[in-house]
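Presented below is the structure to which this report refers.
Nothing in this text is a laboratory measurement; each read-out follows from the coordinates by a stated rule. None of these values were measured; they are calculated from a predicted model. Virtual Cβ from ideal backbone geometry, glycine too; neighbours counted across all protein chains shown.
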Amino acid sequence: MTGRRLSAPPLFAPNGARLDPVDLDLLRRLQEDAHIQNQALARTLGLSASGCLKRVRRLEEAGAIKGYIALAEETMFASWSMLWVSIKLRRRAHKRREAFEAAVRAAPEVIEAHNVAGRFDYILKIALPSVSAWDALRERLDPENGFIKSVDVLPGLRTAKEKSPHPLLCSGERN
């Protein structure tokens, strides 16, 4: 099929609202610079300032924009240990997954947590003052030793790539 461009399927916000190409461009620009002033954002999108602000508010209300964050320079925390922890749950723990996930969400040391398929059930990105602090965190995550079956702890050496936008928001292509 040469010469034919396959279009990506439509995208929808969590509330079901369909996202049009201008919405995707707006999201792309905000992911590049969430601090951009509304007038500058409107100008880059070819919208009026009020129209742009309405779109941003609609995307926020629809759940397409969850929030805004500032990424801190990780070298400031060089004295801390960054760990990637793979966790396999006990078979019976799968029924109480919500309790384990609540403990993970309550631990500020857990920067990210992903439920995955494969040999492990979860992969966690954790920041600790030292690798030896892992034992205390594990105890808080699983105080009765009822959830965690096995763990692989990998110390992070350096970040090769930080968070980046979803690939659909990186390209200049429009749906």
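What to note about this one:
- Of Leu141, Ile126, Phe100, farthest towards positive along the dipole that unit charges on Lys, Arg, Asp, Glu beta carbons give the chain: Phe100
- When the helices of the chain are scored as -39500 (n - 2.57) per DSSP H run of n ≥ 4 and the total is divided over every residue, the value at 222 nm lands at -9000 deg cm²/dmol.
- Loop-resident sites, segment 47-128, for chymotrypsin sites (Phe, Trp or Tyr not before Pro), counting at most 12 other Cβ within 10 Å (DSSP): Tyr68
- Close amide H contacts of Asp121 (hydrogens built in the peptide plane, cut-off under 5 Å, sequence separation of 5 or more or a different chain): Ile87, Lys88, Leu89.
- Lysine pairs meeting the criterion (Cα under 29 Å, 8 or more apart or interchain), as found in the chain: 15
- Restricting the trypsin sites (Lys or Arg not before Pro) of segment 29-80 to loop positions (DSSP other than H, G, I, E, B) with no more than 11 neighbouring Cβ atoms within 10 Å leaves Lys66.
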